[in-house]
Amino acid sequence: MTRAVRLGLRENRAQFALLVAVNAFVGAMVGLERSTLPLVGRDDFGLTSKSAVLSFIVAFGLTKALANMVAGGFADRVGRRRLLIAGWAVALPVPLLIAVAPTWGWVVFANVLLGMNQGLAWSMTVVMKIDLVGPRRRGLALGLNEAAGYGGVALAAAVSGWIAASVAARDVIVVGGLVISIVALILSVAFVRDTAAHVALEQARHATSHEPAPGLREMFPRASWREPALRSCSQAGLVNNLNDALAWGLVPLFLAAHGASVQDVGLVAGLYPAVWGAGQIFTGHWSDRVGRKPLIVAGMLVQAGALAVLAVSQGRVEVAALSAVGLGVGTALVYPTLIAAVSDAVAPIARAPTVGVYRFWRDMGYVAGGLIAGAVADALGYGGAIALVAGLTAASGLWVAFDMRIRPAAPAPAGGGRSIPTAVPR
């Protein structure tokens, strides 16, 4: 029997809840590394350079950014469900490579595969949830999606840090990674359904329902620099993940250098994404009511303030925990709101490639963060690196304040070409 296709959160609650659970597993794959892998690099492989330790984040971020863009470009051709399954299939070797790694290069390659997993699997859970709910509750849907993902990050980071106090950190990553990837792959193959019919239904109601889907060649310049709403979101996403790279790769070393225990590092590493994850349920829904721009600007400035406090904390765990809460609040304001703003600004048929381009730039922030934080920490110390990232984050918030338009912009593309309708974030 053919199921009737309807848009809405309540109408699609079973598939939506399943995708929430799958995205929690996506986040948990990364969370396993957040409190442990920098310490593995230092203790198991004898790395002393911060840039060398953070090389795994650079590899992860570059691969994830490219996978995001590829996933967005091919989602309509290949199918969302197939790309989701491919993302979990490529995750299976990650824990095995880390288990047998004789050198740090093997760990870096494992994070290339992890980046592919995150780019394909997380991108598809995002796009499929947007497909299911339609335009009315988009912010809430994205808040729930990102809350699940970063709730998984937080739980895995805290638990892995706690277990690593008595078990080898590498073993924690290996066993946890195998369990997560196998369970998520089974769920995706057995129960997830594709959402192409939901996209077609929403597009049929749109003013440009007869236009063909735009490709990456068209959407890349529009989302990167031509459209003020989209370029503001792209740069803010990049800077947001730049400071997340610092929190992931540098903060554990910063705290350990000032005498923090593995449990303390796990606490701080888990607290930040826990606040971030839980807060997004509220902030995503809030952005549906008050608009996207105010939350993005406020969130970037709150993050900058939290990083400034961390920069002068001298590694005190209680101050770092307070900073982690502030960083989580700021990120919760920004993260689902940025994706909702990008989705608002284009027609349904253009959603997947546009989100793919945005997520490309956002996750290039891991590359920038790994390179900048590592190099500056080697030259000026941990405090100097954290202070620099705080300044960049504040500048990004001001960029959004002055560049993102409140009223709809004219959709005509530069240099000719067909129009992609925009509805600039409020």
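The values are calculated or read from the model by the stated rules, or taken from the named source; none is laboratory data. Everything numeric here is computed off the predicted structure, so don't read it as measured data. Every residue, glycine among them, receives a Cβ derived from its backbone with ideal geometry; neighbour counts consider all protein chains shown.
None of A394, A350 is in a helix (DSSP H, G or I) and under 16 Å from G299 (Cα atoms) except A394.
Per this entry, A320 is counted among residues that are among the small types (G, A, S), modelled with pLDDT of 90 or more and assigned to a helix (DSSP H, G or I). Annotation note: of A229, A278, the sole residue that is touching a residue at least 60 places away in the same chain (Cβ under 8 Å), farther than 15 Å from S396 by Cα and part of a helix (DSSP H, G or I) is A278. Scanning segment 307-323 for residues that are within 18 Å of G270 (Cα to Cα) and either touching a residue at least 60 places away in the same chain (Cβ under 8 Å) or of a type in the set (D, E, K, R) (or both) yields a total of 7. Summed over segment 142-171, the residues that are crowded, with 23+ Cβ neighbours inside 10 Å and either modelled with pLDDT of 85 or more or under 15 Å from the mean Cα position of the chain (by Cα) (or both) give a count of 15. Could you check, for segment 114-134, whether at least one of its residues is surrounded by fewer than 18 Cβ atoms within 10 Å (Cβ to Cβ) and in contact (Cβ under 8 Å) with a residue 12 or more places away in the chain? No, segment 114-134 contains no residue that is surrounded by fewer than 18 Cβ atoms within 10 Å (Cβ to Cβ) and in contact (Cβ under 8 Å) with a residue 12 or more places away in the chain. Kindly indicate whether G365 is touching a Leu at 6+ places or on another chain (Cβ under 7 Å), under 21 Å from L120 (Cβ atoms) and small (G, A, S). For G365, the condition - touching a Leu at 6+ places or on another chain (Cβ under 7 Å), under 21 Å from L120 (Cβ atoms) and small (G, A, S) - is met. When we screen S123, S181 for residues that are among the hydroxyl-bearing types (S, T, Y), more than 29 Å from Q263 (Cβ to Cβ) and out of contact with any strand residue (DSSP E or B) (no Cβ under 8 Å at 6 or more places or on another chain), the only hit is S123.
All of (1) surrounded by fewer than 20 Cβ atoms within 10 Å (Cβ to Cβ); (2) under 30 Å from A387 (Cβ atoms) hold for C233 with one exception: (1). Exactly one residue out of L47, L113 is hydrophobic (A, V, I, L, M, F, W, C) and under 30 Å from T354 (Cβ atoms), and it is L113.
The number of residues in segment 317-360 that are touching a helix residue (DSSP H, G or I) at 6+ places or on another chain (Cβ under 9 Å) and closer than 28 Å to A256 by Cα comes to 15. Taking into account only those residues within segment 67-112 that are charged (D, E, K, R) and within 18 Å of V26 (Cα to Cα), which is surrounded by the most Cβ atoms within 10 Å (Cβ to Cβ)? The extreme case among them is R80. The criterion of at least 1 residues that are farther than 22 Å from D264 by Cα is met, among helices (runs of 4 or more DSSP H) falling completely within segment 25-95, by 50-53, 55-78, 80-91. Could we say that I296 is modelled with pLDDT of 90 or more and of a type in the set (A, V, I, L, M) here? Judged against the criteria, I296 is a match. What do you reckon, is A14 under 30 Å from V251 (Cβ atoms), out of contact with any strand residue (DSSP E or B) (no Cβ under 6 Å at 6 or more places or on another chain), assigned to a helix (DSSP H, G or I) and modelled with pLDDT of 90 or more? Taking the combined requirement at face value, the residue does not satisfy it.
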